[in-house]
Structures are given as C-alpha cells and as structure tokens.
Amino acid sequence: MKPPAQISPGAEEQAALWAARLDGSVLTAEQRIALDGWLAEHPAHRTLLSQFCQFSADLEQQLPLIEGIREMSVGTLAAPETAKPFPWLRWPLMAGATLTAVAAVALAFWLARPQPQFTNIATPAAQRQALTLADGTRVELNARTSLQVEIDGGQRHARLTSGEAFFTVHKDAARPFIVETPAGSVRVTGTQFNVLTDSPTSYEVTVTEGSVQARPGDVGGQASVPVALTAGDRLTVHAGTVAVQTLSATALDNSLAWRHGQTVFDSVPLREALARFAHYHGREISATADAATLPVGGRFSIDDLDGFLAALPEALPVKVTHNADGSVSVGLRPES
C-alpha cells in the first residue's frame, strides 16, 4: 500500500493550535479566514485538524497515554493492537518525538482555556476580604458579606445575597459580568462599581469608573426599567422607590471609605452612626431616644469600635455603658 504523502512537522503543530482555538473560544473573522487558507493548503490538513479536535475532546482520558508516547522511539511506531494507539501513530513518517511535542502544545492550550469557577465567599464580622476571580476580576468584600460566583466560558455571574462588595471587572465584551441581589441586578462588561444590599427590598449601586446598567427588581408585578449609570452616579432602591444622584468627588470617596478600613459621618444622627458600627462588628449597640438624634461627624477607623465609643463622650454630652451581656448603651450624660 502506498504510504500517505509526507506532512511537515509544522502541520501537526498548526493542527494542534487550531484545535485548541476552536475548542477554547469562537474564532474571529480574521482567524476564520486564516483557518480556511490553511485547510486549503494541503488535503491532509483537514484530516489532521479533525484528529486533533478529537484529541482535545478525549484529552482527560488520554493523559496517561501521553507519558507512554514520550518513551517511544522512531523504530517503535507499529504499536500493538492492545495499546489502542492514537490514529496518527499509524503514519510511518511521524516520529514519536514530534507527536510528543505536538501533544504537549495541545495540552498547554487546553490547560490555558478559561476554567469554570464556582466560589462561595462569606466574610465574618469585623473582617474584610479581597480576591481575584478566574477571569481577572477583583472583588473586595466588606464585613458580613455573602457572595456566590460562577464563571465559565460563556458567563460571569455573581449573586450578592447580603452585605457590600466593590468590583473591578476585567473587560470582556463577549461575557458580561452580572451581579444579582435580592432587590435588583447590575450588568457590566468592564468597569468599577460598588454594590450594597442590606434587605430583600433595597440595594445601592455606586459607579466609580465606566458605566453599568442597573435593573431594580420588579415592583407590583410590573417589569422594571434598566437604569444607565456612569462614573459618580449612585442608584438607591428601597421598598420599590428608585432614586439616582450624582455624587461629588468627596462624597464618592467617603461612601467607599470602608475599602480602607474607615467610615465617614457627616452630621448623621447618633443612632445611624452606632448602627453602622454595630453591623460591622456584629454587636448590639443602641442609643436612648433622647440621644439618638445628636449629630455625629468625622472620619473613624471602622475596626476600632472601642476608640469610637471612647471618643463619643468627648464630642457629645453622652455616657457610654458597657452592659454585662456584651451590649452597649449610649444615653445623655446626667447634668452635674
């Protein structure tokens, strides 16, 4: 029988590369033209590509055989039937070393493909966390935050069930990054934004770079309308009410101070300031009715609860009481 026409070693490598590209992503128009041209160069190129595509599909099952192939020499191409060699091993002009090199190239491309990522993250009280996802997106989580992430070749999806997170999304127009909360969602392709959700009916989206599309949850059985936000915008949803405002540079910085372990109050009621520390630390901290509306201002370390409580009597006419059960009460200081 006449042996098949000789094929250059470069053809096998090109077949492996094209198989890996076809398996890992959708070809661009330029890549498709290049592939068609390569297939037209030699009748055997299409056969080679088909075999390497099958190799990619069966790679996990064939990995043990690759090590065995590496030990083959040029004179051992006629493998026993019981070994069930790859189809291209029957070609007498292909050396074992060449096949090993090509298989290694295909393996490298296969390992480089986007791998599915399923991540559940929950931060405890008084602790923040930052991580980088499989797609290159960076996420910073505030204390007491729960986030689930699913990333694969076709989608990037995160669900923020509670808490607060800042996203620096890696740009990928083919795979939008979607963050869902109980009260609505955010859709982006690559930008920086903050999402806060503290109840099933409320969430807040603050954009620091680029643009996002926020969609509040449906209200009263009616579908909500997407809201386009750009840098400096903040969308607030609470009990079906939607509001959008543009923040000043200072207000934007203050709202994200938690990323640096700080919190900023601008004449907010004492009860609100205490509630923020209480939530972060998982503590019970309350103010009496006569002290609850006293204004609090300043920048504080969110991690330093004791320091904040110690500073209150110096700034306000209040007394801080540490109760036996671990709770804290703040009330007006008795007049002397």
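The values are calculated or read from the model by the stated rules, or taken from the named source; none is laboratory data. Worth saying up front: this structure is predicted, and the values here are computed from it rather than measured. Don't worry about glycine lacking a Cβ; one is built from the backbone with ideal geometry, like all the others, and counts go over all protein chains shown. Calculation scope for accessible area: heavy atoms of the full protein, side chains included, ligands and nucleic acids excluded. Shrake-Rupley method; radii C 1.70, N 1.55, O 1.52, S 1.80 Å.
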Subject >> Selection count, region 189-215, where residues are aromatic (F, W, Y) and under 17 Å from the mean Cα position of the chain (by Cα) >> reply: 1
Original post:
In the list V244, V268, which residue meets the criterion of being open to solvent by less than 40 Å² (accessible area, probe 1.4 Å) and either more than 23 Å from N142 (Cα to Cα) or modelled with pLDDT of 95 or more (or both)?
Top reply: V268
Original post:
If the Cβ limit is 7 Å and pairs must be 6+ apart or interchain, which residue in region 306-324 that is in contact (Cβ under 8 Å) with a residue 40 or more places away in the chain pairs with which residue that is of a type in the set (S, T, Y) and open to solvent by 60 Å² or more (accessible area, probe 1.4 Å)?
Top reply: none
**OP:** Please verify whether region 299-313 includes one or more residues that are loosely packed, with under 12 Cβ neighbours inside 10 Å, part of a helix (DSSP H, G or I) and either among the small types (G, A, S) or modelled with pLDDT under 95 (or both).
**Re:** yes
Original post:
Which of the residues belonging to region 166-182 are under 9 Å from the mean Cα position of the chain (by Cα) and open to solvent by 40 Å² or more (accessible area, probe 1.4 Å)?
Top reply: T168, H170
**OP:** Restrict the check to region 295-302 and report whether at least one residue is free of Cβ contacts under 8 Å to residues at least 24 places away in the same chain and under 43 Å from the mean Cα position of the chain (by Cα).
**Re:** no
**OP:** Would you tally the residues in region 122-139 being open to solvent by less than 30 Å² (accessible area, probe 1.4 Å) and either closer than 22 Å to T263 by Cβ or small (G, A, S) (or both)?
**Re:** 2
Original post:
So, of the residues in region 31-46 that are in a helix (DSSP H, G or I) and not hydrophobic (A, V, I, L, M, F, W, C), which turns out to be nearest to E12 (Cα to Cα)?
Top reply: H45
**OP:** State whether the residues of region 250-257 include one that is more than 20 Å from Q127 (Cα to Cα), touching an Asp or Glu at 6+ places or on another chain (Cβ under 9 Å) and open to solvent by less than 30 Å² (accessible area, probe 1.4 Å).
**Re:** no
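Each row is one residue, and each column tells you yes or no for (1) of a type outside the set (D, E); (2) at pLDDT below 95; (3) in contact with a Leu (Cβ under 9 Å, 6 or more places away or on another chain); (4) open to solvent by 50 Å² or more (accessible area, probe 1.4 Å).
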{"position": "N142", "(1), (2), (3), (4)": "yes, no, yes, no"}
{"position": "T145", "(1), (2), (3), (4)": "yes, no, yes, no"}
{"position": "T201", "(1), (2), (3), (4)": "yes, yes, no, yes"}
{"position": "E209", "(1), (2), (3), (4)": "no, no, no, yes"}
{"position": "G217", "(1), (2), (3), (4)": "yes, yes, no, no"}
Subject >> Residue match in region 316-336 (condition: closer than 29 Å to Q192 by Cβ and open to solvent by less than 50 Å² (accessible area, probe 1.4 Å)) >> reply: no
Original post:
Of all residues in region 221-270, which are of a type in the set (D, E, K, R) and in a strand (DSSP E or B)?
Top reply: D233, R234, D266
**OP:** For region 162-175, enumerate the residues that are at pLDDT below 95 and either assigned to a strand (DSSP E or B) or touching a Lys or Arg at 6+ places or on another chain (Cβ under 6 Å) (or both).
**Re:** R175
Original post:
Between a first residue in region 257-279 that is under 11 Å from F300 (Cβ atoms) and a second residue that is in a helix (DSSP H, G or I) and of a type in the set (G, A, S), which pairs have beta carbons less than 9 Å apart while being 6 or more apart in sequence or on different chains?
Top reply: T263/A257; T263/A273; V264/S255; V264/A257; F265/A273
Subject >> Among (1) open to solvent by 50 Å² or more (accessible area, probe 1.4 Å); (2) more than 15 Å from E164 (Cα to Cα) - the single one H279 does not satisfy >> reply: (2)
